[in-house]
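The values are calculated or read from the model by the stated rules, or taken from the named source; none is laboratory data. From a predicted model like this one, the values you see are computed outputs, not experimental measurements. Here the Cβ positions follow ideal geometry from the backbone for every residue, glycine too, while neighbour counts run over all protein chains shown. The protein model used for the area step is the full one, side chains on, heavy atoms only, and it has no ligands, DNA or RNA in it. Shrake-Rupley method; radii C 1.70, N 1.55, O 1.52, S 1.80 Å.
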Amino acid sequence: MTIKFCSFASGSSGNCYMIKDDETAILIDAGISGKKIMQYLDETGTPIEQVKAVLVTHEHIDHVQSLPILSKKLPNALIYANERTWENNDRPVLSHKKRTFTTGRDFTVGKFNIRSFRTSHDAAEPVGFSISQCGRQISILTDSGYVSDANIEEIAPADILVLESNHEEEMLLMGRYPYPVKRRILGQEGHLSNVTCGMCLSKICKLVSKPRQVLLGHLSHDNNDPSIAMLAVRNTLLENDVIPGGSLQIEVAQRSSRSDVFILEG
């Protein structure tokens, strides 16, 4: 069994991730152009016929932009979202391609088990996802101003983890955003800061000690920088007696280009 993961884009201008085995590919969110998604599928050796599902975390445009074209261009892909996300989504999707899941209730696509879990964001019913097969787990948690103990327990077993590191708090406070926007981002239904990301990762590593690949996701263009995010997260880990490097590999998921393809062997 071989599972592959690739971040196609991660940030406020668009989000999309891919997970696949030899038979089935799954996209998580579709917040970048359909042209880019098709390009990255080709670059990763993923035929469009192999894509069986697009999972939607929530209805914000940087996560659903290309749902209309994907529902037409991916012949075997069904589009999955919970009921409240469908109710608040304004991007048209072919009706026969729509599927509704219940948050917290597992379902399967191919040989993958998929579990959604609630996040804390100003959307109708935002979720993260844990996708697993044969004891291997990939979890994605972005767009959340708060991470609950239940969230920590859910994502702690992940072999590959995308965890939000949206902003450096001082950059946000001193920056050009209007005060209401700053308050939204800093609130419990906003986004995780670099330091909060580091704190969450410290808890995860202490709860489940294992080799893992972490991608810092959803970085702000205006209020963060990859080098600042890496430094802040690493320093927070060290302050909490967690040593990055070795079995804990950390890098930044880029805003507008795809990552390397990460491979999990069964």
Checklist entry - In whole Å, how far is the Cα centre of segment 105-159 from that of segment 168-233? => result 18 Å
Item to check | HN-Hα J in Hz across segment 108-119 - Karplus 6.51, -1.76, 1.60, θ = phi - 60°, x for Gly and Pro | outcome: 10, 9, x, 9, 8, 9, 10, 10, 9, 9, 5, 10
Item to check | Efficiency of FRET between residue 227 and residue 153 - r from beta-carbon atoms, R0 30 angstrom, step 0.05 | outcome: 0.45
Checklist entry - By the gyration tensor of its Cα atoms, with a ≥ b ≥ c the square roots of the eigenvalues, what is the shape of segment 74-145: rounded for a/c under 1.5, prolate for a/b over b/c, or oblate? => result oblate
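Work out, step by step, the length gained on full extension between residue 173 and residue 189: first 0.36 nm times the residue separation, then minus their alpha carbon distance; give nm to one decimal. Could you put the intermediate results ahead of the total?
Details: separation 16, 0.36 × 16 = 5.76 nm, distance 1.71 nm.
Full extension from residue 173 to residue 189 adds 4.0 nm.
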Next on the checklist: Filter 4/52; 72/111; 20/203; 20/72; 36/206; 73/111 down to the pairs with a C-alpha to C-alpha distance above 26 Å, please.
Outcome noted: 20/203; 36/206
Checklist outcome for this item: Phi-derived 3J(HN,Hα) across segment 234-248 with the Karplus relation (6.51, -1.76, 1.60, θ = phi - 60°), rounded Hz, x for Gly and Pro, is 4, 5, 5, 4, 4, 5, 10, 6, 10, 9, x, x, x, 7, 10
Checklist entry - With the Cα gyration tensor of segment 20-160 giving a ≥ b ≥ c as the square roots of its eigenvalues, does the rule (a/c under 1.5 for rounded; else a/b larger than b/c for prolate; else oblate) give rounded, prolate or oblate? => result oblate
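Which value, in debye to the nearest 20, describes the size of the charge dipole of segment 28-172 about its Cα centre when Lys and Arg Cβ atoms bear +1, Asp and Glu Cβ atoms bear -1, and nothing else is charged? Intermediate values should be presented prior to the final figure.
Numbers: 15 positive and 21 negative charges, 218 e Å.
About 1040 debye.
Based on the mean of other beta carbon atoms within 10 Å per residue, what is the order of 137-149, 167-179, 185-197, most packed first?
Top of the packing list down: 137-149, 185-197, 167-179.
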Checklist entry - Residue by residue through segment 205-212, which ³J(HN,Hα) values in whole Hz follow from phi under the Karplus form 6.51 cos²θ - 1.76 cosθ + 1.60 (θ = phi - 60°), with glycine and proline marked x? => result 5, 6, 6, 9, 8, 6, x, 7
Checklist outcome for this item: Taking protein heavy atoms only, a 1.4 Å probe, and rounding to whole percent, the accessible area of the chain owed to carbon and sulfur comes out at 49 percent
Checklist outcome for this item: Options (i) 27, 22, 17; (ii) 37, 20, 16; (iii) 27, 26, 18 are given for semi-axes √(5λ) of the Cα gyration tensor in Å, and the computed one is (i)
Checklist entry - Looking at the square roots a ≥ b ≥ c of the eigenvalues of the Cα gyration tensor of segment 83-221, which shape do they give, rounded for a/c under 1.5, prolate if a/b is larger than b/c, or oblate? => result oblate
Checklist entry - Along the positive direction of the dipole of segment 27-144 (beta-carbon charges: Lys, Arg +1; Asp, Glu -1; about the Cα centre), which of 33, 130, 75 reaches farthest? => result 75
